[in-house]
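The values are calculated or read from the model by the stated rules, or taken from the named source; none is laboratory data. These figures come from a predicted structure and were not determined experimentally. Every residue, glycine among them, receives a Cβ derived from its backbone with ideal geometry; neighbour counts consider all protein chains shown. Note: accessible area is taken over every heavy atom of the protein model, side chains too, but ligands, DNA and RNA are not part of it. Shrake-Rupley method; radii C 1.70, N 1.55, O 1.52, S 1.80 Å.
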Amino acid sequence: MAEGDNRSTNLLAAETASLEEQLLGWGEVMLMADKVLRWERAWFPPAIMGAVSLVFLTIYYLDPSVLSGVSCFVMFLCLADYLVPILAPRIFGSNKWTTEQQQRFHEICSNVVKTRRRAVGWWERLFTLKEEKPKMYFVTMIIALAAVAWVGQQVHNLFLTYLIVTFALLLPGLNQHGIISKYIGMAKREINKLLKQKEKKTE
């Protein structure tokens with residue numbers, strides 16, 4: 001068991017080191033984005049929502065086709081991938097990194113690797129469920145996809161995408177400030193109260 005844990009830890013460290021090397025040119029931008037997403041200043045949340053709203057309002061106004069939208073998005077990614085490693089050191093000064101910044105960059109890369117591992121793990125569990133319990137897999141997938149299709153039919157796709165992107169960008173800050181855990185705790189307490197009241201009525 002201990003040998004397996006050590007192997008997993010070593011593999012995680014190797015993947016993290018590899019990712020750090022690949023994203024080294026993006027280090028300054030990632031640290032700045034991390035500060036914004038974790039709401040280190042009070043005006044960061046409205047700034048995030050304002051920026052996302054501006055982007056989606058522009059898309060709504062231009063109303064590009066799917067092919068044009070995808071092409072422009074990929075073109076933007078290519079430009080960013082080329083220009084950011086060149087411009088970031090000149091703007092932020094990577095030679096002035098502190099030990100704290102280096103440690104935070106390592107933590108960000110480690111979290112990315114862990115998130116990627118969780119996603120792969122969930123994907124593998126899905127296929128395991130398909131092999132071991134095909135009927136449950138079939139019913140679960142049909143219900144989930146039907147629910148998603150119904151939501152997509154009821155809500156405009158651009159507005160739905162806007163809500164998803166906004167929530168995804170606000171999620172790190174919500175976790176950092178304990179807002180999600182607070183409301184989950186409140187929901188659990190309310191559910192427990194309802195269950196206790198139901199038990200008293202049955203008695």
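List of remarks:
- The loop-placed trypsin sites (Lys or Arg not before Pro) in segment 34-96, going by DSSP, that have at most 16 neighbouring Cβ atoms within 10 Å of their Cβ come out as Arg38, Arg41.
- Computed extension gain for Tyr183 through Asp63, at 0.36 nm per residue and net of the alpha carbon distance, reaches 39.5 nm.
- The share of accessible area on the chain that comes from carbon and sulfur is 66 percent, using a 1.4 angstrom probe.
- Summary value for the chain: 36 percent relative contact order, contacts being C-alpha pairs under 8 angstrom separated by 6+ residues.
- Once the Cβ-Cβ distance of Ala144 and Gln102 is raised to the sixth power relative to R0 = 35 Å, the FRET efficiency obtained is 0.25.
- Within the chain: Cβ-based charge dipole about Cα centre, in debye rounded to nearest 20 (Lys, Arg +1; Asp, Glu -1): 980 debye
- Per-peptide packing, taken as the mean over residues of other Cβ atoms within 10 Å, places 12-24, 117-129, 173-185 in the sequence 12-24, 173-185, 117-129 from highest down.
- The residues of segment 41-155 have, on average, 82 Å² of accessible surface per residue, using a 1.4 Å probe with all protein chains present.
- The count of lysine pairs in the chain with alpha-carbon distances below 26 Å, taking only pairs 8 or more places apart or on different chains, stands at 13.
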